[in-house]
1. Would you mind ranking 53, 101 so that the residue whose beta carbon has the fewest other beta carbons within 10 Å leads the list?
2. Which net charge results when you count Lys and Arg as +1 and Asp and Glu as -1 among the other residues whose beta-carbon is under 12 Å from that of residue 44?
3. Evaluate the Debye formula for the chain with equal point scatterers sitting on the alpha carbons, no solvent, and hand back log10 of I(q)/I(0) at q = 0.16, 0.17, 0.20 Å⁻¹, in q order, two decimals.
4. Among all the aspartates and glutamates, which ones have a C-alpha under 15 Å from residue 167's C-alpha, if same-chain residues fewer than 8 places away are not counted?
5. Enumerate the aspartates and glutamates that residue 97 could reach by cross-link, defined here as Cα to Cα under 20 Å, with residues fewer than 8 away along the same chain left out.
6. Hey, what do the phi angles of the stretch 90-97 turn into as Karplus ³J(HN,Hα) couplings, whole Hz, using 6.51/-1.76/1.60 and θ = phi - 60°, x for Gly and Pro?
7. Taking R0 as 30 Å, what FRET efficiency do you get between residue 93 and residue 21 from their Cβ-Cβ distance, rounded to the nearest 0.05?
8. Among 1, 143, which comes first, second and so on when ranked by fewest other beta-carbon atoms within 10 Å?
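FYI, it's all coordinate maths here, none of it is from the lab. These numbers were taken from a predicted model, which means no experiment stands behind them. We place every Cβ from the backbone using ideal geometry, glycine too, and count neighbours over all the protein chains shown.
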Amino acid sequence: MQLAYRILIHTPLWVWPLFAYLVWAGFQGMRPRTTTIQRSLIVPAIFIIWGSSSLVSRSQNTVLPLVAWLAAALVLGASGFLLAKPFELDHTTGEIKRPGSVKPLVRNLTIFALQYTVRVIVAIDPEARLTATIVGRAVGGAMTGYFLGRTVALLRQYYRQRQADLKISPRPQ
């Protein structure tokens, strides 16, 4: 119990608002919604920045963490791109309509838990530091790649639909 307490009090303060936002965004994703393209990019931006930030944190004497990050980013980037779900576009407002799903909440909490656990292990167990760093970089690369892939797929579909709508809609004379 004392270890859990020490972990919680040594957790940086910025982690808790991030956690609260990810939970809130996950619950929002459980219901159908209409949103702007810009707003739909907030959570991906958080995860891309967070995943990329692991590259600039403490340097290692080995290249393994970087290889783990790159491999995970490539694999999950392709997956994020190929598995992105299509959405409906409101032609008049430019907003996208998304169905509700529990997946964003599960995804957000899983990624947060993985990152948090890895950071705790790195902080408290010097023996496991290299392994935890490699796993942490792989998780960071995976989330960066996944969200970059999804973002590219989302923007691609959005702009293709907008272009198609402009070609189809009658032009004012």
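1. 53, 101
2. Its environment carries a net charge of +3.
3. -0.99, -1.08, -1.34
4. none
5. The qualifying aspartates and glutamates are 88, 165.
6. Here the 3J(HN,Hα) series is 7, 5, 7, 9, x, 8, 9, 10 Hz.
7. Efficiency, rounded to the nearest 0.05: 0.75.
8. 1, 143
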